[in-house]
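**Student:** Structure below; questions to follow.
The values are calculated or read from the model by the stated rules, or taken from the named source; none is laboratory data. Just so we're clear, the structure is a prediction, and the values are computed from it rather than from any experiment. Heads up, the Cβs are rebuilt from the backbone with ideal geometry, glycines too, and the neighbour counts pull from every protein chain shown. What goes into the accessible areas is simple: the full protein's heavy atoms, side chains included, and nothing from ligands, DNA or RNA. Shrake-Rupley method; radii C 1.70, N 1.55, O 1.52, S 1.80 Å.
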Amino acid sequence: MSFCLVDYFDMESPTKEIEDFENNSLKYLQPDQIEKIWLRLRGLRKYKKTSQRLRCLVKQLERGEASVVDLKKNLEYAATVLESVYIEETRRLVDTEDELSDIQSDSVPSEVRDWLAATFTRQMGLMLRRTEEKPRFRSIVHAVQAGIFVERMYRRTSNMVGLSYPPSVITVLKHVDTWTFDVFALNDASGDHALKFIFYELLTRYDLINRFKIPISALVSFVEALEVGYSKHKNPYHNLMHAADVTQTVHFFMLKSGIVHWMTELEIFALIFAAAVHDYEHTGTTNNFHIQTRSDMAIFYNDRAVQENHHVSAAYRLLQDDDEMNILYNLSKDDWRELRALVVEMVLATDMSCHFQQIKAMKNFLQQPEAIDKTKALSLLLHTADISHPAKNWDLHHRWTTSLLEEFFRQGDKESELGLVFSPACDPKSTMVAQSQIGFIDFIVEPTFTVLTDMTEKIVTPLIDEASRSGLAGFRRSSLNNISPDGKRSSVKSTGSEGSTSLNCSLLTVDFKSFKSTWNEEVQQNREKWKAQATKDLEEKAKREAEEKAKLEEAEGKKEEGKESETSDPAQDKDTRATKDTKDTAEKKEKEKEKEKEKEKEKEKEKEKEKEKEKEKEKEKEKEKEKEKEKEKEKEKEKEKEKEKEKEKEKEKEKEKEKEKEKEKEKEKEKEKEKEKEKEKEKEKEKEKEKEKEKEKEKEKEKEKEKEKEKEKEKEKEKEKEKEKEKEKEKEKEKEKEKEKEKEKEKEKEKEKEKEKEKEKEKEKEKEKEKEKEKEKEKEKEKEKEKEKEKEKEKEKEKEKEKEKEKEKEKEKEKEKEKEKEKEKEKEKEKEKEKEKEKEKEKEKEKEKEKEKEKEKEKEKEKEKEKEKEKEKSFSNMLDTV
């Protein structure tokens with residue numbers, strides 16, 4: 001053991017790696033630069049010694065020569081070294097100005113370093129200029145390095161401005177991780193800027209601003225432009241509050257379901273971005289309305305996902321047309337393409353016409369053993385958030401529902417103006433709000449949420465198992481910086497500064513039951529409330545119909561009374577009365593026929609509804625049959641895939657053999673290439689020698705420039721000295737003025753003391769006066785008490801009188817009630833008399849009708865007699881002609 005350690009500790013000569021470093025990396029540096037680098041390398045030698053000790057221990061353990069005492073000593077030494085490394089590195093991380101402290105004067109000139117420290121940091125130590133070092137750029141390489149460093153520091157500090165948060169917004173955003181988050185409260189607190197604050201807050205929490213180098217000014221400009229677009233058509237529902245609500249709901253799904261651990265940072269950014277823009281410039285009408293009216297948008301997008309296509313296109317046009325709001329400016333080409341593909345896929349999936357297709361596809365994914373497609377999973381997340389308000393608490397859900405119905409009814413007004421058929425739920429007269437919401441919850445919302453929970457469980461469960469096996473908590477740490485007292489939120493990632501918090505979400509704390517119960521309970525409660533509302537609506541409708549029937553019957557009764565009064569008039573002729581009766585009977589028959597027709601129509605509608613229900617059942621059966629057929633086809637496909645896999649394996653074996661042959665050929669080619677590289681290296685060495693000569697010429701030019709700069713600096717120093725002298729003179733004048741002011745203040749203090757003494761004397765006099773006044777007040781209070789007692793006695797007497805009066809009034813009321821009862825009895829008697837009179841009138845009417853019938857029969861007989869006479873005349877005329 002000791003021999004091995006001595007060999008390692010006595011190694012002072014550089015190893016092969018250090019020789020390569022010295023030959024290649026330090027080749028073009030000056031001697032003083034190399035000495036400084038070697039000083040830093042000597043400080044790192046303890047880490048090298050530790051690794052050598054441990055390697056020696058490993059070899060001895062393999063040979064079986066290591067003792068327990070030596071093993072313990074070396075492990076303790078390694079632990080102390082690692083602890084010191086940890087402490088140094090954490091200090092560097094805590095220090096936000098570590099980048100400046102790492103830079104030596106040779107890599108960046110001291111002049112540039114002092115400017116950086118004064119402008120971008122609070123380090124004053126770097127401001128001390130060394131007089132012995134002359135500030136100069138040693139080479140073009142150093143100038144480029146300094147430029148890169150300045151740009152990096154500028155980007156870092158440009159993001160520290162942040163967005164100003166009002167205190168009311170801060171209190172609302174404390175609940176952003178909860179299912180009961182109130183976006184209406186956020187909108188009121190922020191002054192109609194809910195989307196701006198929720199979008200900025202989530203990008204900050206997930207540390208996406210730093211990760212993708214998003215300029216704060218561009219971010220704020222972009223979100224404000226989004227809010228303008230959402231307010232363009234003044235929609236009651238599809239507005240910036242809806243976009244903010246969907247964005248927060250997406251964040252809740254990611255956080256509480258644990259699916260955030262399955263996603264990359266680019267995918268998180270894409271999901272939040274898609275949620276924010278998914279209804280940008282919504283027109284407040286449906287896609288079908290655009291298609292029916294042949295709008296420009298429908299023509300442009302060929303009647304397919306009309307509005308969804310416009311939302312994505314218009315949002316990206318914002319980014320492309322104006323660089324000042326392009327938040328994707330610093331993304332690489334690959335990241336930009338991937339982000340755009342995800343956003344387009346997710347926003348187009350919010351088209352409700354794709355709902356059942358999307359749910360069916362995800363159910364098929366869940367039944368298969370393969371992994372779930374990420375774009376489909378993220379699309380379902382956004383789509384569920386888009387229709388999630390029926391799963392929120394009743395106050396939020398009811399408010400969203402009224403806003404949505406207002407938007408639908410506006411579309412219905414437009415359709416009636418254009419002469420189009422009303423779209424579903426757009427007719428304010430026929431729309432049954434409660435029943436439509438119950439159907440929406442039962443057939444759309446609840447199935448979608450169940451599929452979402454099943455999907456997240458399938459995705460996250462393997463991640464939890466892996467985390468528990470590995471013994472890790474499975475944290476995903478994203479920066480969530482604290483809000484400063486002045487209300488500005490920094491987007492710079494906190495590494496350990498005091499007061500900073502972080503968005504820590506452990507995989508092991510994910511609870512699928514609680515995640516499901518959060519929305520399931522709200523859905524059940526909302527459904528029950530809508531059912532209660534539906535029963536109330538039906539009762540009110542029945543009451544209205546009954547009232548309308550009663551009004552119709554009253555109107556008919558009044559008409560009959562008017563006719564009776566007309567019949568009782570003796571001045572009218574009998575013929576006119578008969579014609580009016582016939583007209584009335586005809587009108588009654590027509591009304592009865594209309595009622596019968598309406599009843600028949602209602603029956604036909606009910607039959608049609610039953611037929612539609614039967615058709616739907618048949619369609620469901622057909623769908624089930626199709627599903628079974630599809631499953632059989634899938635099984636056949638799987639068998640075919642297995643056969644194809646076996647064929648592919650055979651092909652792969654053949655390809656491997658061919659690859660081995662190709663590898664042998666490549667080895668021969670590589671040998672030839674190595675020979676060519678050696679030749680090229682010789683040529684490069686010659687070129688490097690030429691470059692060195694050119695660099696020497698450049699250095700001479702730089703020295704001349706530096707001399708000129710030194711002369712200019714000396715002039716500037718002389719000017720600064722003169723300015724300092726002037727400042728000293730001004731300071732002396734200011735000191736004299738301050739002394740005069742102090743003298744004046746002392747005089748004023750003495751005057752104030754005298755005034756205070758006089759005030760104290762006056763106060764004592766006032767106190768004596770107050771005591772006398774208090775005595776007089778006490779006497780007055782006693783007199784008032786006696787008066788109050790007398791008043792109370794008088795009040796009691798008045799109360800007794802009032803009681804007697806009330807008794808008299810009650811007696812009078814009883815008498816009045818008896819009189820009213822007698823009057824009611826008289827009225828009932830009068831009503832009975834009127835009914836008897838009406839019966840007598842009806843009998844008289846029947847008699848008159850019988851008389852009229854007899855008269856009509858007599859008239860008919862007379863007409864028949866006249867016809868017989870005419871026949872006889874015609875017959876006699878015939879005989880005469882014969």
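**Student:** For K837 and E678 in the same chain, what is the full-extension length gain: residue separation times 0.36 nm, less their Cα-Cα distance, in nm?
**Tutor:** Result for the pair: 43.7 nm of gain on full extension.
**Student:** Show me, for region 423-440, the HN-Hα J-couplings you get by feeding each phi into the Karplus relation (A = 6.51, B = -1.76, C = 1.60, θ = phi - 60°), rounded to Hz, glycine and proline as x.
**Tutor:** Running phi through 6.51 cos²θ - 1.76 cosθ + 1.60 with θ = phi - 60° gives 6, x, 6, 9, 9, x, 7, 9, 6, 9, 4, 4, 5, 5, 5, 4, x, 4 Hz.
**Student:** Another question about this same structure. Carbon and sulfur atoms: what percent of the 1.4 Å accessible area of region 218-360 do they account for?
**Tutor:** Of all accessible area on region 218-360, carbon and sulfur atoms account for 49 percent.
**Student:** Provide the gained length on full extension for the span V85 to K689, in nm with one decimal, where the gain is 0.36 nm per separating residue minus the Cα-Cα distance.
**Tutor:** 213.3 nm
**Student:** What does the accessible area per residue of region 696-835 come to in Å², with a 1.4 Å probe and no ligands, DNA or RNA counted?
**Tutor:** That works out to 117 Å² per residue.
**Student:** Residues with beta-carbon under 14 Å from that of K623, excluding K623: net charge, scoring Lys, Arg +1 and Asp, Glu -1?
**Tutor:** Local charge sum for K623: +2.
**Student:** Run the numbers on region 372-435 and let me know its relative contact order in percent, using alpha-carbon pairs under 8 Å that are six or more apart.
**Tutor:** 20 percent
**Student:** Do the alpha carbons of any pairs in K709/K735; K458/K639; K414/K531 sit beyond 28 Å of each other, and which pairs?
**Tutor:** Working: K709/K735 39 Å; K458/K639 25 Å; K414/K531 31 Å.
Check vs 28 Å cut-off fails for K709/K735; K414/K531.
**Student:** Averaged per residue, what accessible area in Å² does region 221-329 show with a 1.4 Å probe, protein chains only?
**Tutor:** 36 Å²
**Student:** Local charge sum around E224 (other residues, Cβ-Cβ under 14 Å, Lys/Arg +1, Asp/Glu -1)?
**Tutor:** Counting the neighbours of E224, the net charge comes to -2.
**Student:** Through the Karplus equation 6.51 cos²θ - 1.76 cosθ + 1.60, θ set to phi - 60°, convert the phi angles of region 165-179 into ³J(HN,Hα) values in whole Hz; use x for Gly and Pro.
**Tutor:** So the J values, rounded to whole Hz, are 9, x, x, 5, 5, 4, 5, 5, 6, 5, 9, 5, 8, 9, 6.
**Student:** Moving on to the next point. Under unit Cβ charges (Lys, Arg +1; Asp, Glu -1), what dipole magnitude, rounded to 20 debye, does region 308-349 have relative to its Cα centre?
**Tutor:** Value, rounded to 20: 120 debye.
**Student:** With a cap of 16 neighbouring Cβ atoms within 10 Å, and only residues DSSP puts in a loop, list the trypsin sites (Lys or Arg not before Pro) found in region 292-347.
**Tutor:** When the trypsin sites (Lys or Arg not before Pro) of region 292-347 are filtered for loop state and at most 16 Cβ neighbours within 10 Å, R294, R304 remain.
**Student:** Stretched out fully, how many nm does the piece from E770 to E596 gain, at 0.36 nm a residue minus the Cα gap?
**Tutor:** On the way: separation 174, 0.36 × 174 = 62.64 nm, distance 9.57 nm.
Using 0.36 nm per residue and subtracting the Cα-Cα distance, I get 53.1 nm.
**Student:** Continuing with this model, one more query. Cα gyration tensor of region 618-770, axes a ≥ b ≥ c as square roots of the eigenvalues: rounded (a/c below 1.5), prolate (a/b > b/c) or oblate?
**Tutor:** oblate
**Student:** Could you report region 581-684's accessible area per residue, 1.4 Å probe, as an integer in Å²?
**Tutor:** The answer is 112 Å² per residue.
**Student:** Could you report the accessible area of T509 in Å², rounded to 10, computed with a 1.4 Å probe on the protein chains as they sit in the structure?
**Tutor:** About 100 Å², rounded to the nearest 10.
**Student:** What pairs in K363/K629; K549/K603; K653/K677 have C-alpha atoms more than 24 Å from each other?
**Tutor:** On the way: K363/K629 16 Å; K549/K603 19 Å; K653/K677 35 Å.
Over 24 Å apart, Cα to Cα: K653/K677.
**Student:** Something else about it: How much accessible surface does S506 have with a 1.4 Å probe, in Å² rounded to 10?
**Tutor:** 10 Å²
**Student:** Which lysines have a Cα lying under 29 Å from the Cα of K815, excluding residues fewer than 8 positions away in the same chain?
**Tutor:** K815 reaches K797, K799, K801, K803, K805, K807, K823, K825, K827, K829, K831, K833.
**Student:** Another question, then. With a 1.4 Å probe and all protein chains in place, put T461, T448 in order of accessible area, largest first.
**Tutor:** Output order, biggest surface exposure first: T461, T448.
**Student:** While we're on this one: Through the Karplus equation 6.51 cos²θ - 1.76 cosθ + 1.60, θ set to phi - 60°, convert the phi angles of region 268-273 into ³J(HN,Hα) values in whole Hz; use x for Gly and Pro.
**Tutor:** Each residue of region 268-273 in turn: 4, 4, 4, 5, 5, 4 Hz.
**Student:** Let me cross-check E844: its accessible surface, 1.4 Å probe, with only protein heavy atoms counted, in Å² to the nearest 10?
**Tutor:** 110 Å²
**Student:** Can I ask one more? Could you tell me whether region 363-427 comes out rounded, prolate or oblate from its Cα gyration tensor? Rule is a ≥ b ≥ c as square roots of the eigenvalues, rounded for a/c under 1.5, then prolate if a/b exceeds b/c, otherwise oblate. Walk me through the numbers on the way to the answer.
**Tutor:** Values: a/c = 4.04, a/b = 1.94, b/c = 2.08.
Taking the square roots of the gyration eigenvalues as a ≥ b ≥ c, region 363-427 is oblate.
**Student:** Separate question: Compute the FRET efficiency between N210 and F443 as 1/(1 + (r/R0)^6), taking r as their Cβ-Cβ distance and R0 = 51 Å, and round to the nearest 0.05. Let's see the in-between values first.
**Tutor:** Numbers: r = 44 Å, r/R0 = 0.86.
It comes out at approximately 0.70.
**Student:** Taking H placed 1.01 Å from N in the peptide plane, check which residues at least 5 places from L163 or on another chain put their amide H under 5 Å from its amide H.
**Tutor:** Residues meeting the criterion, in which the H sits 1.01 Å from N, are R489.
**Student:** Highest first, please rank the peptides 614-625, 187-198 by the mean number of other Cβ atoms sitting within 10 Å of their residues.
**Tutor:** The densest-packed peptide leads the list: 187-198, 614-625.
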